[in-house]
1. For a distance above 16 Å, tell me the whole-number percent of Cα pairs in the stretch 1-52 that qualify.
2. Relative contact order for the chain: what is it in percent, counting Cα pairs under 8 Å that are at least 6 residues apart?
3. Mind ranking 12-18, 79-85, 57-63, 1-7 by how tightly packed they are, going by the mean number of other C-beta atoms within 10 angstrom, highest first?
4. Quick check: at a probe of 1.4 Å, how many percent of the accessible area of the stretch 4-115 sits on carbon and sulfur atoms?
5. Please calculate how many Å² of accessible area the stretch 36-115 carries per residue, with a 1.4 Å probe and no DNA, RNA or ligand atoms counted.
6. Quick check: residue separation of Ile19 and Lys91 times 0.36 nm, minus the Cα distance between them. What number comes out in nm?
7. Please compute one quarter of the surface area of the Cα convex hull for the stretch 1-90 and express it in square nanometres.
8. For the stretch 47-105, what is one quarter of the convex hull surface built on the Cα atoms, given in nm²?
Amino acid sequence: MRSRIIERFKFEAAHAVLINGKPEEIHGHTFRLEVAVEGPLKNGYVMDFLELRRIVNEIIGKLDHRNLNTLFENPTTENVALWIAEEVEKKLPDGVRLRRVALWEGEENGVEFEF
């Protein structure tokens, strides 16, 4: 049996997305993140929630209260979410897979990737 666990996070960051090659005005957001991982149940759980939280917090700690333009060529929500996904995937224990990342830019705008 395979099962998923989901954790939610938030961080603050600023960015100026390039639209048609021109940067918009720099502005900030409270980003909300959901990460879902899947794996077989071992001893009653997929992986420790605290371990998943530690992994993701370490990754988003590199983004929190930062200007994302210093980290990404074009810091769209899509590009940031894909980077987070790649970083999470590298740190998961054997047998556990990243299944979903959803990143919300404020309350209204978000992007979701399923793997």
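The values are calculated or read from the model by the stated rules, or taken from the named source; none is laboratory data. Here the structure is a predicted model, which means the values were calculated and not measured. Heads up, the Cβs are rebuilt from the backbone with ideal geometry, glycines too, and the neighbour counts pull from every protein chain shown. In case anyone asks, the SASA skips ligands and DNA or RNA and just uses the protein heavy atoms, side chains included. Shrake-Rupley method; radii C 1.70, N 1.55, O 1.52, S 1.80 Å.
1. 60 percent
2. 32 percent.
3. Put in order of decreasing packing, that is 79-85, 12-18, 57-63, 1-7.
4. C and S fraction of accessible area: 48 percent.
5. 57 Å²
6. Stretched fully, the Ile19-Lys91 segment lengthens by 22.7 nm.
7. So the Cα hull casts an average projection of 6.4 nm².
8. Result: a mean projected hull area of 4.3 nm².
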